[in-house]
Amino acid sequence: SPHHNPHDGPDYCCSGWNLNNIPNLKGSLLRYIDQDISGMKVPWLYVGMCFSCFCWHIEDHWSYSINYLHWGEPKTWYGVPSGYAESLEATMREQAPELFVDQPDLLHHLVTILSPNVLMKNGIPVVRTDQCAGEFVVTFPRAYHTGFNQGFNFAEAVNFTVADWLPIGRQSIEHYREMRRTPVFSHDEVLCKTMVLPDKLDLSLLVGVAQDALAMCQVEEGRREEARRKGITYSEREIFELVHDDQRQCRVCNTACFLSATRCPCNGGVVCCLCHCLDGCSCSASNKTLRAGLPAGLHV
């Protein structure tokens, strides 16, 4: 049962309904991320007051989220199905175009409120619910949500990912690349670390990982071939798993390089993803090196 007696400490500590445990449960890919990520793997606590609100947003990497209201007055939620995410974003830009001029990724900053009535008038379906104390609310990948508190309350929230998130998570990385937004973690790194332990995966996760791995390899092969056509012919082996995140971030789009990148010796070593292999500096392609390699435990 999701409801627990607060005095049953040992039971609650081990329970799958404890939000500290959910990201690391069997079936969640976040368990394969080594570091604790505040807000994603480590729950955040929220103290609400009357009419305090949270702006329209989706979760980092378009992951699932789960929110538990421990006590207090209800929390009102509004949600939009993931299939209408781009329609919501377009409507936001139409309603306040001046705000997006300087900040194209404005919706990533949780500072934008728009009446659900405006969205519905533009053909975007909006659902509503009241979350009472002792109840959970789950949001789905790329499903925009907003809401407000009806009074003083106390809630807890965390993220999780399951097999059907994998292709959506990969789409989020390409979206971040376009927005030049720094990802929280490397999607390919999580996938590769999951692939190293196939015996520990249930069938649905194993199938999802295999399908996403195929997509990853096809994309990677195409990008390496394109880099060679652009004149980057010299390559060296490098395991980016061993490189600090700050030192493997694409200079152009801020994506986290993992399977490969290009390096140029100028300015202390410019790192770029293969999509921007010629864009990080003015040096010729012949000066750049394709650095690639599989992490430990994986073999072609």
- Query: Can you list the trypsin sites (Lys or Arg not before Pro) in region 18-48 that are in a DSSP coil and have 13 or fewer other beta carbons within 10 angstrom?
  - Reply: K26
- Debye, to nearest 20: dipole size of the chain, +1 on Lys, Arg Cβ, -1 on Asp, Glu Cβ: 760 debye
- Query: Using the membrane-span-like helix rule (whole DSSP H runs, Cα extent along the own axis of at least 30 Å, mean Kyte-Doolittle hydropathy at least -1.0), which helices of the chain qualify?
  - Reply: 203-229
- Rounded accessible area per residue of region 92-242, 1.4 Å, Å²: 53 Å²
- With DNA, RNA and ligands ignored, accessible area of C283 (1.4 Å probe; Å², nearest 10): 40 Å²
- Message: With the alpha-carbon atoms as the only input, what is the per residue convex hull volume for the chain in Å³?
- Response: 159 Å³
- Note on the structure: Note to self: C-alpha centroids of region 131-145 and region 101-119 sit apart, in Å, by 20 Å
- Task: Let me know the charge dipole size of region 177-300 about its Cα centre in debye, to the nearest 20, where only the beta-carbon of Lys, Arg (+1) and Asp, Glu (-1) is charged.
- Result: 500 debye
- Quote to one decimal, in nm, the extra length available between Q171 and E89 on full extension: 0.36 nm per residue of separation minus the C-alpha distance between them. 27.9 nm
- Query: Between Y12 and E226, 0.36 nm times their residue separation minus their Cα-Cα distance comes to what?
  - Reply: 71.8 nm
- With the dipole of the chain defined by +1 on each Lys or Arg Cβ and -1 on each Asp or Glu Cβ, the option from C250, S87, A143 whose Cα lies farthest towards the positive pole is C250
- Amide H neighbours of Y144 at under 5 Å, excluding residues fewer than 5 places away on the same chain, with H built from the backbone geometry, are V80
- Item | Within the chain, helix-based [θ] at 222 nm, where runs of 4 or more DSSP H residues each add -39,500 (n - 2.57), nearest 500 | -8000 deg cm²/dmol
- Extreme residue, positive dipole direction of region 170-239, given options V196, L214, M179 (C-beta unit charges): M179
- Charged-residue dipole, Cβ positions (Lys, Arg, Asp, Glu), region 117-175 about Cα centre, Debye nearest 20: 260 debye
- Item | Proximal lysine pairs, the chain, alpha carbons under 19 Å, eight or more residues apart or interchain | 5
- Roughly how many whole Å is it from the C-alpha centroid of region 56-77 to that of region 148-212? 17 Å
- Query: Say we join alpha carbon atoms closer than 10 Å with springs in a Gaussian network model of the chain; which of D246, D188, D60 then has the biggest fluctuation?
  - Reply: D246
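The values are calculated or read from the model by the stated rules, or taken from the named source; none is laboratory data. From a predicted model like this one, the values you see are computed outputs, not experimental measurements. Because the Cβ atoms are built from the backbone with ideal geometry, glycine has one as well, and the counts that use them run over all protein chains shown. Areas reflect the complete protein model, heavy atoms only, side chains present, ligands, DNA and RNA absent. Shrake-Rupley method; radii C 1.70, N 1.55, O 1.52, S 1.80 Å.
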